[in-house]
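A short write-up of the structure that comes next.
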Amino acid sequence: MIRLRRVYDPPEPGADGVRVLVDRLWPRGLSKEAAAVDQWPRAVTPSAELRKWFHAGGSPQEFRARYEAELAAPGALDGLARLRELAAAGPLTLVTAVRDPDHSHAAVLAELLGGGAA
C-alpha cells in the first residue's frame, strides 16, 4: 500500500510504514525529528527547473509529462526501483510539503510505483 500525506502532519507509526520525503527541498520550519522521514531520494523528485516552470504557470498535464520524462532518467529509475521494493515489503508513505498531495507530483509518483495511493 502506498499512502500520500503532508510531511507536516504527525506520523502514524502503525500505518505509515516507511516514510519517504518526495520533495527536492527540505520542508520549511520542520525539524528532522518532527518529520520522521526514513528516506529522502532526491533523484525521484521534480527538478528545480521543472518546479519553477510549473509555478510560473505551467499546465498540470504538461507538468506530468515532463516529470515522467525526468523519472525515466537512469538515476531516477534506480530510485523508483528502490521505492517499488519498499512498497512491496510493506506500507510506504510518500510525504510532501504541498498543500494537496493528491493533486501533486507525489500522486504521479504513487501511480508510477503501483497504481495509485490510498
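What follows draws every value from the coordinates through simple rules; no lab data is involved. Computed from a predicted structure; not experimentally measured. A quick note on method: Cβ atoms are made from the backbone with ideal geometry, for glycine too, and the neighbour counts reach across all protein chains shown.
Taking every alpha-carbon pair under 8 Å whose residues sit at least 6 apart, the range 2-114 reaches a relative contact order of 46 percent. Return one number: the angle in degrees, 0 to 90 and rounded to the nearest 10, between the long axis of the Cα atoms of helix 74-89 and the longest principal axis of the Cα atoms of the chain. It is inclined by approximately 30 degrees. Going from the fewest other Cβ atoms within 10 Å to the most, the residues 20, 108 appear in the order 108, 20. Listing 4, 94 from fewest to most neighbouring C-beta atoms within 10 Å gives 4, 94. Shape of the range 63-118 from the C-alpha gyration tensor: oblate (a/c of 1.5 or more and a/b not above b/c, with a ≥ b ≥ c the square roots of its eigenvalues). Ranked for footprinting exposure by Cβ neighbours inside 10 Å, fewest first, 49, 111, 33 give 33, 49, 111.
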